[in-house]
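The values are calculated or read from the model by the stated rules, or taken from the named source; none is laboratory data. Computed from a predicted model, the values in this text were never measured in an experiment. Quick reminder, even Gly has a Cβ in these numbers, built from the backbone with ideal geometry, and neighbours come from all protein chains shown. For the accessible areas, the whole protein counts, side chains as well, though only heavy atoms, and no ligand, DNA or RNA atoms are used. Shrake-Rupley method; radii C 1.70, N 1.55, O 1.52, S 1.80 Å.
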Amino acid sequence: MLSNISKATIKSNRILSRAFISTWNSVPQGPPDAILGVTEAFKRDSSPNKMNLGVGAYRDDDGKPFVLSSVKKAEKVMMENNLDKEYAGITGSPSFTKAAGALAYGDSNPVITENRLAITQSISGTGALRIGGEFLNAWYPHAKNIIVPNPTWGNHIPIMKNSGLQLEKYTYFDKNTNGLNINGMLEDLHKAPKHTVVLLHACAHNPTGVDPTQEQWNQISKVIKEREHFPFFDMAYQGFASGDCTRDAYALRKFVEEGHQVILAQSFAKNMGLYGERVGSFSVVCADAEERARVESQLKIIIRPMYSNPPIHGAHIVSTVLNTPELKNEWLSEVKLMADRIITMRLKLREHLEKDFGSKKDWSHITNQIGMFCYSGMSPEQVNKIKSDWHVYLTQDGRISMAGMSSANVKYLAEAIHNVTKD
Ligand code: LMR
């Protein structure tokens, strides 16, 4: 009498002997994601000294994820209000989109007061960019060419290509100065075919931490206008660059004032610490309210087959914070606190490199760059070495997420950087 286990073994052997070939047999192993793959490698490392400077996610000075106090208070209010879990409309929560638009463009901006901003809630900044790419592909009346800065956030490239747009890069970063190559940028904008869509990081450029000055933004706006290009702003870090949300919106608002019909991808992942809530918006500046209604109707047609309608929890948090004056004030000071901690880390890292470890290299870019990232100038070999010898994880392009360091480990990081860069 065969036991049930033996019978099962015989049966599975028979299946194998029929030379089973899986339907997915030819699916190749894909590479890990350039940014999120760093976290996976970090998690596998058991060293007590390990540091994750890969993904751009803010940590407090104890290296812990930071849930903002304004956000916790908003959630308490939401609990007390006993909210339901009904579907949002396709374009999300109106109280959220209204507040999000006002934060980006300014309360009294004519695009808001004249009701000509088409806006939809999105699955954070990535989802907003994807809606934007799809909208351009469907409705942009010229050749579907988009140019992005060199370098840019890695995900911009597949998002735009998968949306069906032709993508090229324009000059942005100058390796010699670790700053902006404004002349190269203006020249490339000038050379691009008329009506090209130009992707611009509104502030705190990712990955370089290098932003144009206000004067340079004015020059950029002028060339874009002359060439009749179309500006697509990505604003994932409003408040994170300077600590001041109004100041960080300078470029976006200036372009609108200059008469550009911008489109915008906005995210609340970083400035409200709502990474996993996936809350953002996509907006289109229209000529009038009637055009706005037509554009919004097409945004709905794009969104409905992608994910039907957006999640509500994060949007409720943002609208509660932005629509409650005390919570909004508290949030604005928390944004400043996060930006200031990053600035302090920049100063300390540079100081340790120069004073404690006597590095003779020029590290001024650490304190000149702004926002979440420092584009360190480390080569891929140096990145590999700092990972294997010092358990410090960062993206292969040498980008350091400044928020991943704390008072306790900034000196260790300086020592590690000095050791891998000194030859
Ligand atoms: C980053 O650049 O690290 C962040 O924007 C997170 C992400 O999704 O890549």
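Mind listing whichever residues of segment 57-77 are under 20 Å from LEU332 (Cα atoms) and in contact with a Ser or Thr (Cβ under 6 Å, 6 or more places away or on another chain)?
Within segment 57-77, ASP61, ALA74, VAL77 meet the criteria.
List the residue pairs whose Cβ atoms are under 8 Å apart, where the first residue sits in segment 394-406 and is more than 12 Å from ILE366 (Cβ to Cβ) and within 11 Å of the ligand (Cβ to nearest atom), the second is open to solvent by 10 Å² or more (accessible area, probe 1.4 Å) and among the basic types (Lys, Arg), and the two are 6 or more positions apart or on different chains.
Listed by first residue and then by second, the contacts come to LEU394/LYS387; ALA403/ARG59; ALA403/ARG341; GLY404/ARG59.
Could you tell me which residue of segment 249-277 is nearest to the chain's Cα centre (by Cα), considering only residues that are closer than 16 Å to ILE370 by Cα and within 16 Å of the ligand (Cβ to nearest atom)?
Filtering segment 249-277 for residues that are closer than 16 Å to ILE370 by Cα and within 16 Å of the ligand (Cβ to nearest atom), the one nearest to the chain's Cα centre (by Cα) comes out as LYS270.
How many of the residues making up segment 108-124 are part of a helix (DSSP H, G or I), open to solvent by less than 10 Å² (accessible area, probe 1.4 Å) and in contact with an Asp or Glu (Cβ under 9 Å, 6 or more places away or on another chain)?
The total comes to 1.
Just to be sure, is GLY209 in contact with a Cys (Cβ under 8 Å, 6 or more places away or on another chain) and either within 16 Å of the ligand (Cβ to nearest atom) or not acidic (Asp, Glu) (or both)?
Against the criterion (in contact with a Cys (Cβ under 8 Å, 6 or more places away or on another chain) and either within 16 Å of the ligand (Cβ to nearest atom) or not acidic (Asp, Glu) (or both)), GLY209 qualifies.
Restricting to segment 44-77, and then to whatever is under 19 Å from ARG399 (Cβ atoms) and either free of Cβ contacts under 8 Å to residues at least 12 places away in the same chain or hydrophobic (A, V, I, L, M, F, W, C) (or both), can you tell me which residue is farthest from the ligand (Cβ to nearest atom)?
So the residue we want is MET51.
Considering only residues of segment 390-423 that are out of contact with any helix residue (DSSP H, G or I) (no Cβ under 7 Å at 6 or more places or on another chain) and in a helix (DSSP H, G or I), which is least open to solvent (accessible area, probe 1.4 Å)?
Once the filter is applied, the top-ranked residue is GLY404.
Considering each residue of segment 100-157, count those that are under 18 Å from SER319 (Cβ atoms), without any contact (Cβ under 8 Å) to a residue 12 or more places away in the chain and of a type outside the set (D, E, K, R), and give that number.
1
Out of segment 123-148, which residues are over 22 Å from ALA100 (Cβ atoms) and within 16 Å of the ligand (Cβ to nearest atom)?
VAL148
Within segment 332-347, is even one residue closer than 21 Å to LYS43 by Cα and modelled with pLDDT of 95 or more?
Within segment 332-347, none of the residues are closer than 21 Å to LYS43 by Cα and modelled with pLDDT of 95 or more.
With GLY92, GLY133 as the choices, which residue is over 19 Å from the mean Cα position of the chain (by Cα) and either aromatic (Phe, Trp, Tyr) or open to solvent by less than 20 Å² (accessible area, probe 1.4 Å) (or both)?
GLY92
Just checking, does segment 328-343 include any residue being under 25 Å from the mean Cα position of the chain (by Cα), open to solvent by 20 Å² or more (accessible area, probe 1.4 Å) and within 16 Å of the ligand (Cβ to nearest atom)?
No, segment 328-343 contains no residue that is under 25 Å from the mean Cα position of the chain (by Cα), open to solvent by 20 Å² or more (accessible area, probe 1.4 Å) and within 16 Å of the ligand (Cβ to nearest atom).
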